[in-house]
Amino acid sequence: MALNLRVMAPNRIVWNSEVQEIVLSTNSGQIGILPSHAPLLTALDIGIIKIRLGNQWSTMALMGGFAMIENNQMTILVNEAEKAIEIDFQEAQETFSKAQVNLARAEGRKQIIEANLALRRAKARLEAINANTLNIAD
């Protein structure tokens, strides 16, 4: 038995296929989803999703959203999503370094919040690349 996973961003369907297992970051921590999982609706945090197809794992960076599972159908609605294989490592590292500098220089509550969010997004992109390179589900 498999799960049907559909990941949708505002401008495109990022993923739509059957998978064997899903690990994703919610606002209350990571959860694993296997076939026949109980119905669930949860908010997603900025982080990565790990998807198992057979013996291989794929990863994506998700930039927040919602996930719903019912009857082996999982639908994920996200603000943004990037498959790890589509992320340029050099560019992701540069973005992460810039985000760290911007956070260190941020002044005032608004700038600190925006810089922290940018850093979390950059970190999620790097984590997706690293997890995909290792091809494991930690």
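Just so it is clear, none of the values below were taken in a lab; they were calculated from the coordinates. Since this is a predicted model, take the numbers as computed values, not measurements. Glycine also receives a Cβ, built like all others from the backbone with ideal geometry; neighbour counts cover every protein chain displayed.
When the dipole is taken about the Cα centre of segment 3-84, and only Lys, Arg (+1) and Asp, Glu (-1) are charged at their Cβ, what size is it in debye, to the nearest 20? Walk me through the numbers on the way to the answer.
Details: 5 positive and 6 negative charges, 26 e Å.
With Lys and Arg at +1 and Asp and Glu at -1, about 120 debye.
When N counts the residues of segment 1-63, how does its alpha-carbon radius of gyration compare numerically with 2.2 N^0.38 Å, as a ratio? Intermediate results must be reported in sequence, preceding the final value.
On the way: Rg = 11.4 Å, N = 63, 2.2 N^0.38 = 10.6 Å.
Its radius of gyration relative to the 2.2 N^0.38 Å reference: 1.08.
Kindly write out, for segment 30-37 in residue order, the coupling ³J(HN,Hα) from the Karplus curve 6.51 cos²θ - 1.76 cosθ + 1.60 (θ = phi - 60°), rounded to whole Hz, with x marking Gly and Pro.
Once rounded to whole Hz, the list reads 7, 10, x, 10, 10, x, 6, 5.
Given points 7 Å out from each Cα along the Cα-Cβ axis, report the Gln20 to Gln73 separation in nanometres with one decimal.
Placing both labels 7 Å along Cα→Cβ, they lie 2.5 nm apart.
Over the Cα atoms of the chain, each weighted equally, I'd like the Debye log10 I(q)/I(0) at q = 0.10, 0.18 Å⁻¹, rounded to two decimals.
-0.34, -0.98
With N set to the number of residues, divide the alpha-carbon radius of gyration of segment 55-113 by 2.2 N^0.38 Å and report two decimals. Write down the numbers at each step before the final one.
Details: Rg = 16.2 Å, N = 59, 2.2 N^0.38 = 10.4 Å.
Ratio of Cα Rg to 2.2 N^0.38 Å: 1.57.
Work out the count of Lys pairs in the chain where the Cα-Cα distance is under 18 Å, with the pair 8 or more places apart or on different chains. List each step's numbers first, then the result.
Numbers: Lys50/Lys83; Lys50/Lys123; Lys83/Lys123; Lys98/Lys110; Lys98/Lys123.
So the count works out to 5.
Got a sec to turn the phi values of segment 72-85 into Karplus ³J(HN,Hα) couplings, 6.51 cos²θ - 1.76 cosθ + 1.60 with θ = phi - 60°, whole Hz, x for Gly and Pro?
6, 10, 10, 10, 10, 10, 10, 6, 8, 8, 9, 5, 4, 5
So how tilted is helix 108-134 from the main axis of the chain? Cα-based, degrees 0 to 90, rounded to 10.
Compared with the principal axis, the helix lies near 50 degrees.
Which angle from 0 to 90°, rounded to the nearest 10, does the C-alpha axis of helix 89-105 make with the longest principal axis of the chain?
Around 50 degrees separate the two axes.
Taking the Cβ of each residue in Leu103, Leu44 as the centre, tally the other Cβ atoms inside 10 Å and list the residues starting with the fewest.
Details: Leu103 17, Leu44 20.
The fewest-first ordering by Cβ neighbours comes to Leu103, Leu44.
Under a 5 Å amide H to amide H cut-off, with H placed in plane at 1.01 Å, what residues pair with Ala2 once short-range neighbours are removed?
none
DSSP loop (so not H, G, I, E, B), at most 11 other Cβ within 10 Å: list which GluC sites (Glu not before Pro) in segment 78-112 pass both filters.
Sites meeting the loop and neighbour criteria: Glu107.
What whole number of Å gives the distance from the Cα centroid of segment 21-69 to the Cα centroid of segment 73-138?
Here the answer is 17 Å between Cα centres.
Find which of Gln100, Ile129, Thr26 sits farthest along the positive direction of the dipole of the chain, computed with +1 on the beta-carbon of Lys and Arg, -1 on that of Asp and Glu, about the Cα centre.
Sorting the options by dipole projection puts first Gln100.
Using a Gaussian network model of the chain whose springs link C-alpha atoms within less than 10 Å, name the residue from Ile33, Ile69, Ile113 with the highest mean-square fluctuation.
The residue with the greatest mean-square fluctuation here is Ile113.
Positive end of the charge dipole of the chain (Lys, Arg +1 and Asp, Glu -1 on Cβ, about the Cα centre): tell me which of His37, Gly64, Val7 has its Cα farthest that way.
Gly64
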